[in-house]
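The values are calculated or read from the model by the stated rules, or taken from the named source; none is laboratory data. Bear in mind the structure is a predicted one, so any value in this text is a computation, not a measurement. Here Cβ is always computed from backbone atoms with ideal geometry, including for glycine, and neighbour counts include all displayed protein chains. Side chains included, ligands, DNA and RNA excluded: accessible areas come from the protein's heavy atoms. Shrake-Rupley method; radii C 1.70, N 1.55, O 1.52, S 1.80 Å.
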Amino acid sequence: MKKDKAQPKVCIGALVVAALVAGAHADTVTAVNQAERFLSLFSVVRFKNTACTGSSGDSGTCYAKHSCLLNGGSLEGTCAGGFGSCCVTKIGCGGTSRNNCTYIQSPGYPNTFSTAMTCTQTIMFNSDVCQLRLDVTEVDLAPPDNRGMCLEDVLTFSQDTKWSQVCGTTLNTHYYLDVDPDASTKVDFTFNIGAGSYPRKWKIKVSQICCDQLSMAPMGCGQYFTSTTGTIKAWNADGSNRVYLHGQNYATCLRKELDRCTITYTETMDDWFLPRCGDTLEFPFSFLNTLNPSVGVTCIDNAGIRPVLQPATATLQGPQQIYFVTGDGGNDHFGIGQNSNLDLEFSQGAC
Ligand SMILES: *[C@@H]1O[C@H](CO)[C@@H](O)[C@H](O)[C@H]1NC(C)=O
């Protein structure tokens, strides 16, 4: 947590200062010199490090050429009126980056690999950063066992305790890690890969969110949606054995959008997902009661109750928070029916 006595941390977005000898970019420099006559030898060009799209189609950040290369990025086109370069950064095992919007990738990506190893990838940031947003293209690791334990492969994070372990298959979604820059200005992503023959690969884009940024997710929100429709997805919702994982403890948060008054949740799998009764999935309203004869069922026990509850609509008075806490190591994590996980579409309806 941030200490109150600390200086307020204001993210100005790092400014890059480039000194330009007169003659280079002559048009710009001449124009500046005529407007501000005291500048005769060089001008200072400042631009914000905003997001850009590199020539490969991957995302990058607009940096001065030298700071991009210095920090291990590659130049993929220009930005900021030609003063900056669209800097795309990708790190492999053992890699470290402080560039905003860095991709962490598995060895040989997009090919798969199956060599036992410990692969650590480190994102460093400034003291005004409070969150990392992970845009997961794919994380494809060996699946968990039936109790949601990551025994063969496991991804762990050195800050934040929302997910004590991650494995299995997760595609096209995002997560937020809360970080405390007073404690440490880096996060290690550690992939412990076992000796099994499973074909692994991963690609995650890591963006740094400043403490004063409006787009910061509320603390504790592992997923945060600011759109009228979307798909809520827990880790390993795309796997062949897509049981829900053990050791998850977070909220999924949905902002109420302007002029939207209802919310409808639709299950994407065959059965509505409910966890075992030693675990918790808590919605901000009890639609289960109104839609299903099994009144009050919010988890499943060995009786194998199978409510079919879709779609579920409720009024939307404010933001939605769905808590998902899994600590029950004693039961198979099959949810209702085999092979299910938290994977819900939502849609906010008109007033
Ligand atoms: C990183 O990039 C994102 C997306 O452009 C931006 O919102 C954020 O402020 C940037 N972070 C920093 C530390 O500049």
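Observations, loosely collected:
- Members of segment 90-123 that are outside any loop (DSSP other than H, G, I, E, B), under 17 Å from residue 70 (Cα atoms) and either in contact with a helix residue (DSSP H, G or I) (Cβ under 7 Å, 6 or more places away or on another chain) or away from the ligand (no atom under 13 Å from the Cβ) (or both): 90, 91, 96, 103, 122
- The lone exception for residue 263 - which of (1) part of a loop (DSSP other than H, G, I, E, B); (2) more than 15 Å from the chain's Cα centre (by Cα) it fails: (1)
- Output for segment 219-241, where each listed residue is among the polar types (S, T, N, Q) and surrounded by fewer than 20 Cβ atoms within 10 Å (Cβ to Cβ): 226, 227, 228, 229, 231, 240, 241
- Yes/no for residue 112 being open to solvent by 10 Å² or more (accessible area, probe 1.4 Å) and of a type outside the set (Phe, Trp, Tyr): yes
- So residue 170, is it of a type in the set (Ser, Thr, Tyr), within 15 Å of the chain's Cα centre (by Cα) and away from the ligand (no atom under 16 Å from the Cβ): yes
- The criterion of being more than 14 Å from residue 53 (Cβ to Cβ), assigned to a loop (DSSP other than H, G, I, E, B) and away from the ligand (no atom under 16 Å from the Cβ) does not hold for residue 81.
- Here is the figure for segment 91-106: residues that are open to solvent by less than 20 Å² (accessible area, probe 1.4 Å) and not hydrophobic (A, V, I, L, M, F, W, C) total 6.
- Residue in segment 285-292 that is open to solvent by less than 10 Å² (accessible area, probe 1.4 Å) and modelled with pLDDT of 70 or more present: no
- Count of segment 124-140 residues which are within 11 Å of the ligand (Cβ to nearest atom), buried (at least 21 other Cβ atoms within 10 Å of the Cβ) and within 15 Å of the chain's Cα centre (by Cα): 4
- For segment 313-327, taking the residues that are exposed (fewer than 15 other Cβ atoms within 10 Å of the Cβ) and modelled with pLDDT under 90, the one that is nearest to residue 348 (Cα to Cα) is identified as 315.
- All of 193, 209 fail the test of being more than 20 Å from the chain's Cα centre (by Cα), farther than 22 Å from residue 326 by Cβ and either β-branched (Val, Ile, Thr) or within 16 Å of the ligand (Cβ to nearest atom) (or both), apart from 193.
- Leading residue by the ranking (surrounded by the fewest Cβ atoms within 10 Å (Cβ to Cβ)) among those in segment 172-218 that are assigned to a strand (DSSP E or B) and of a type in the set (Ser, Thr, Tyr): 190
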